[in-house]
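S.K.: Below you'll find the structure I mean.
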Amino acid sequence: MKKCILVIALVFSHLLFFCGSINAQSTALEQGSDTIISVVGYFCKNDTMTFRKQYLKQKIEGNDTTLINNHVEEFMIVVTDSTSKGYRMEYIPISYEHDVEGDTITSRVMDEIWEATKDLHCIFATDEFGQLQHIENWREIRDVMKKTIPQVLDNLKPSNNSIVSRQRLESMMLVNYSSEDKVKEAYDELSMLFGVHGHSYYIGQKEGDYINNGYPQHIISKVGYTEQEEEGDMEGDYTIMVNSVTTMPAEDAVETIINSAALIFNDNMIDIFNKKKDEVYGVIKDALKDKKLTVTEDEYYDFFYNGWPKLCYKEKNMGVDSDKNVEMKLIEWTSRHWNIYEAPEENDSHNL
């Protein structure tokens with residue numbers, strides 16, 4: 001029973017999906033208005049940006065905080081082609097390191113995947129505004145992962161009494177690279193860097209209540225030009241900030257949690273689980289009765305005047321009462337090399 005509940009708790013934080021609130025606050029793409037900021041990339045061939053990405057995951061239970069994952073990556077983005085229809089870019093890994101005490105399964109898996117893919121570049125394309133569109137070599141990435149993931153799981157050498165099915169776990173990991181959309185999700189840094197482009201936002205503060213997947217959501221957004229406070233800041237740089245809070249009855253998630261947790265159990269554990277399913281369902285539902293599940297998301301995007309991302313930050317805080325799962329992603333620029341952007345002709349699609 002305890003093992004069942006443990007796995008359910010681990011799966012919990014990955015199950016609920018709420019559409020991003022950042023683009024819910026956008027309006028039709030527009031240029032030249034004093035009341036609107038349009039996120040448009042004015043990039044040049046051979047532009048090069050280096051970024052540092054930090055990923056942090058914590059579990060908070062009352063006054064106790066457990067660090068689940070903390071890793072830092074460095075990567076480079078190079079514009080390899082620029083046309084009136086968009087940009088072709090290359091994602092180049094530079095380094096990876098994790099900072100979690102002890103030899104955790106997560107750190108071991110990520111270390112081995114990094115070693116196997118550190119020379120694998122991701123070739124992607126954006127539209128004329130700089131918004132991510134396609135991963136050109138997604139099949140190559142998929143094929144590399146089809147070889148890498150089984151090798152990584154073989155090296156883990158799980159114990160004989162593991163409740164997780166090796167085959168089912170492998171299948172779940174491989175499905176994350178099974179299509180172009182899945183590979184795009186796996187390279188989430190590209191969506192953070194180039195997912196806001198092609199949208200416009202009203203300058204100032206906006207606040208409102210919405211319905212997200214059937215549950216109430218409160219959103220506050222702040223948009224504006226930034227002061228030149230730090231080295232590297234430029235006139236015309238701008239910031240978009242969005243905070244959203246979504247609430248739902250906690251017991252609404254119980255059935256989804258239980259059914260999803262069973263996906264990775266081994267056959268023996270599934271038999272035990274099926275016999276105890278109603279009991280587990282009842283225990284968890286009673287524990288969550290009359291409680292609210294709150295999902296708080298913060299998004300912060302800082303751009304240079306030419307649309308190159310300066311800083312991207314996402315934090316999701318999800319839990320019931322004082323028990324929470326916190327996930328944070330931070331990407332910030334570390335170096336840049338830009339070529340001179342030539343003003344487009346009147347009939348050029350960049351001139352909005």
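Just so it is clear, none of the values below were taken in a lab; they were calculated from the coordinates. These numbers were taken from a predicted model, which means no experiment stands behind them. Neighbour counts are summed over all protein chains in view; Cβ atoms, including those assigned to glycine, are modelled from backbone coordinates with ideal geometry.
S.K.: For residue 339 and residue 99, compute 0.36 nm times the residue count separating them, minus their Cα-Cα distance, and round to one decimal in nm. It would help to have the intermediate numbers written out before the result.
M.R.: Working: separation 240, 0.36 × 240 = 86.40 nm, distance 3.62 nm.
Gain in length upon complete extension: 82.8 nm.
S.K.: Another question, then. Treat every Asp and Glu Cβ in segment 136-232 as -1 and every Lys and Arg Cβ as +1, leave all other atoms uncharged, and give the resulting dipole magnitude about the Cα centre to the nearest 20 debye.
M.R.: Working: 11 positive and 16 negative charges, 163 e Å.
With only Lys, Arg, Asp and Glu charged at Cβ, the dipole is about 780 debye.
S.K.: Highest first, please rank the peptides 76-83, 241-248 by the mean number of other Cβ atoms sitting within 10 Å of their residues.
M.R.: 241-248, 76-83
S.K.: Would you mind computing, in nm to one decimal, how far apart the modelled labels at residue 231 and residue 320 are, each placed 7 Å from Cα along Cα→Cβ?
M.R.: Going by the 7 Å Cα→Cβ label model, 5.0 nm.
S.K.: As an exercise, use a Förster radius of 35 Å and the Cβ-Cβ distance of residue 305 and residue 175 to find the FRET efficiency, rounded to the nearest 0.05. Numbers along the way, then the final one.
M.R.: Working: r = 40 Å, r/R0 = 1.15.
That pair, residue 305 with residue 175, gives E of 0.30.
S.K.: Using mean Cβ contacts within 10 Å as the protection proxy, how do 87-93, 107-113, 229-235 order, highest first? Walk me through the numbers on the way to the answer.
M.R.: Numbers: 87-93: 19.6, 107-113: 16.7, 229-235: 9.4.
Going from most to least packed, we get 87-93, 107-113, 229-235.
S.K.: Under 18 Å from the Cα of residue 206, which lysines turn up, not counting those fewer than eight places away in the same chain?
M.R.: Leaving aside lysines fewer than 8 places away in the same chain, those within reach of residue 206 are 222.
S.K.: Run the reach check for residue 184 against lysines, Cα to Cα strictly under 24 Å, same-chain hits fewer than 8 apart removed. What comes back?
M.R.: 45, 53, 57, 85, 118, 146, 147, 310, 314, 316, 329
S.K.: Here's a follow-up. Please say if segment 32-100 is rounded, prolate or oblate, where rounded means a/c under 1.5 for a ≥ b ≥ c the square roots of the C-alpha gyration tensor eigenvalues, and otherwise the choice is prolate for a/b larger than b/c and oblate otherwise?
M.R.: Working: a/c = 4.75, a/b = 1.73, b/c = 2.74.
Because a/c hits 1.5 or more and a/b fails to exceed b/c, segment 32-100 counts as oblate.
S.K.: Listed highest first by mean packing, meaning other Cβ atoms within 10 Å per residue, what order do 209-216, 182-189, 36-43, 147-154 come in? Don't skip to the answer; put the middle values down first.
M.R.: Numbers: 209-216: 11.6, 182-189: 17.5, 36-43: 21.4, 147-154: 15.5.
Answer by packing, highest mean first, reads 36-43, 182-189, 147-154, 209-216.
S.K.: List the aspartates and glutamates whose Cα sits under 12 Å from the Cα of residue 285, skipping any in the same chain fewer than 8 residues away.
M.R.: 251, 252, 255
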